[in-house]
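Where a number appears in this text, it was derived from the coordinates with a stated rule and is not lab data. Given the structure is predicted, the values throughout are model-derived calculations rather than measurements. Ideal geometry is used to build each Cβ from the backbone, glycine not excepted, and the neighbour counts take in all protein chains shown.
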């Protein structure tokens, strides 16, 4: 199963091609405000490196959020356009689940530990979701939420939590609570990755979790407010 993957939910702008369980090409930039300019260049580059054209793919996996409103709109628009052009299904991949699955695949989660995938939602808030591990798969323990750091800290239960995502700095230091421990993953592992989106996308596609371009929607969680300057 050959899948093109797109990741634009954060400052990371990336594309990858995944074939079955392997990333065969990937291009990534960790830089804000370049997504509109660079994403299609990355898509062309990873397809060329993989020796494929669009109509040789089985689907397009795209990170749907939560995350940057602008980044998500760009990524989903590109995915829709490519899917229309080649008649491909789209695999919507929740951004926090892809982050959690990347940690699982790296085998840094010990039995009994939970995963917290957290992205910066500006101010004192984070987009957060807890995951457990079942049969090598990151399984959500609830719904993704837009939550204040204080509320998140107060609601923590005992145990070890593996923390990933670009909001890790907001969660330091760990709360002083008996029987509780943060375990922060390395910086490179905590970044959003098109390869991870593609690998998870292959699994989701095998379960039939695909949509058409017309029905693809972002997972925003919080409302978007446009402020007009006077």
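Determine, from the Cβ-Cβ distance of residue 29 and residue 77 and an R0 of 22 Å, the FRET efficiency 1/(1 + (r/R0)^6), rounded to the nearest 0.05.
Working: r = 18 Å, r/R0 = 0.82.
For R0 = 22 Å, the calculated efficiency reads 0.75.
Once fully extended, how much extra length lies between residue 189 and residue 110, figured as 0.36 nm per residue of separation less the alpha-carbon to alpha-carbon distance?
Numbers: separation 79, 0.36 × 79 = 28.44 nm, distance 1.62 nm.
Result: 26.8 nm gained on full extension.
Rounded to two decimals, what is the ratio between the C-alpha radius of gyration of the chain and 2.2 N^0.38 Å? It would help to have the intermediate numbers written out before the result.
On the way: Rg = 17.4 Å, N = 230, 2.2 N^0.38 = 17.4 Å.
Normalised by 2.2 N^0.38 Å, the Cα Rg of the chain equals 1.00.
In what order do 139, 31 fall by count of nearby beta-carbon atoms within 10 Å, going from fewest to most?
Details: 139 14, 31 11.
By the 10 Å Cβ count, ascending: 31, 139.
For Cα pairs less than 8 Å apart in space and 6+ apart in sequence, what is the mean separation divided by the residue count of the chain, i.e. the relative contact order in percent? Mind dumping the intermediate values first?
Numbers: 499 pairs, mean separation 58.0, N = 230.
It rounds to 25 percent for the chain.
Gap in Å between the Cα centre of the stretch 78-135 and the Cα centre of the stretch 199-217?
Between the Cα centre of the stretch 199-217 and that of the stretch 78-135, the gap is 14 Å.
Restricting to the stretch 96-190, compute how many DSSP beta bridges are antiparallel as a %, nearest 5.
Numbers: 14 of 23 bridges.
Bridges in the stretch 96-190 are about 60 percent antiparallel.
How do 176, 222, 80 rank when sorted from fewest to most other Cβ atoms within 10 Å of their own Cβ? Before the final figure, lay out each step's value.
On the way: 176 6, 222 13, 80 18.
Final ranking by Cβ density, sparse to dense: 176, 222, 80.
Based on the Kirkwood radius over alpha-carbon pairs, what is the Stokes-Einstein translational diffusion coefficient of the stretch 1-123 at 4 °C with 1.567 mPa s viscosity, in µm²/s?
For these conditions, the coefficient is 87 µm²/s.
Once the Cα atoms of helix 35-50 and of the chain are each reduced to a long axis, what angle between those two axes, in degrees from 0 to 90 to the nearest 10, is obtained?
Roughly 70 degrees, rounded to the nearest 10.
Considering every Cα-Cα pair within the stretch 143-230, what fraction, in whole percent, is farther apart than 23 Å?
Values: 1852 of 3828 pairs.
Of all Cα-Cα pairs in the stretch 143-230, 48 percent lie more than 23 Å apart.
Suppose we keep just the DSSP beta bridges with both residues in the chain; what percent of those would be antiparallel, to 5?
60 percent
For each of 95, 41, count neighbouring Cβ atoms within 10 Å of the residue's Cβ, then give the residues from fewest to most.
Working: 95 32, 41 14.
Listed from fewest to most nearby Cβ atoms, that is 41, 95.
Report the percentage of all Cα-Cα pairs in the stretch 96-190 whose separation exceeds 15 Å, rounded to a whole percent. If you can, show how the numbers build up before the last one.
Values: 2439 of 4465 pairs.
Value for the stretch 96-190 (Cα pairs over 15 Å): 55 percent.
If each DSSP helix of 4+ residues adds -39,500 (n - 2.57) and the sum is divided by the residues in the chain, what number results at 222 nm, nearest 500 deg cm²/dmol? Before the final figure, lay out the partial values.
Working: 6 runs with 68 residues, N = 230.
Computed ellipticity for the chain at 222 nm equals -9000 deg cm²/dmol.
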